[in-house]
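To start, the structure under review is shown below, and the notes come after it.
The values are calculated or read from the model by the stated rules, or taken from the named source; none is laboratory data. Just so we're clear, the structure is a prediction, and the values are computed from it rather than from any experiment. Cβ coordinates were reconstructed from backbone atoms using ideal geometry, including for glycine residues, and neighbour counts include every protein chain displayed.
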Amino acid sequence: MSPKRATIAERREKLILKAASQRTLLAQDIAPLGKPLTIAYRGFQLVRYVRQHPILMLGVTTAISVIRPTRVLKWLKTGFSALNLARSVSDILIKK
């Protein structure tokens, strides 16, 4: 084997070992995020499902309104406040 090929083969081995080490470190760093990401993914699945079946959301909202109208009004007030806050924050972030 030529010296140039030997050098390249040696460098390749070192790079392969370095990549394996980096993959191990990355896996260790990402491990604590597994559970929160799973919960977030399930939340996105729920939102997607509700978007595909809007009549379901309408039925649930109607049932809750009939059972506890004062609670629904509190939820609407909180939701409206949260929506305004989100819009304000997004406006601030977009301007930067």
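Counting residues that are modelled with pLDDT of 85 or more and more than 28 Å from the chain's Cα centre (by Cα), which helices (runs of 4 or more DSSP H) fully inside the chain reach at least 2?
Values: elements: 3-30, 34-52, 54-67, 69-95.
It comes to 3-30.
Among the listed residues Ile30, Ile16, Ile8, Ile64, identify the single one that is surrounded by 10 or more Cβ atoms within 10 Å (Cβ to Cβ) and touching a helix residue (DSSP H, G or I) at 6+ places or on another chain (Cβ under 6 Å). It would help to see each step written out before you state the result.
Details: Ile30 fails: touching a helix residue (DSSP H, G or I) at 6+ places or on another chain (Cβ under 6 Å); Ile16 fails: touching a helix residue (DSSP H, G or I) at 6+ places or on another chain (Cβ under 6 Å); Ile8 fails: touching a helix residue (DSSP H, G or I) at 6+ places or on another chain (Cβ under 6 Å).
None of the others qualify; the one that does is Ile64.
Can you find a residue in the stretch 84-95 that is of a type in the set (A, V, I, L, M, F, W, C) and touching a helix residue (DSSP H, G or I) at 6+ places or on another chain (Cβ under 8 Å)?
No, because not a single residue in the stretch 84-95 is of a type in the set (A, V, I, L, M, F, W, C) and touching a helix residue (DSSP H, G or I) at 6+ places or on another chain (Cβ under 8 Å).
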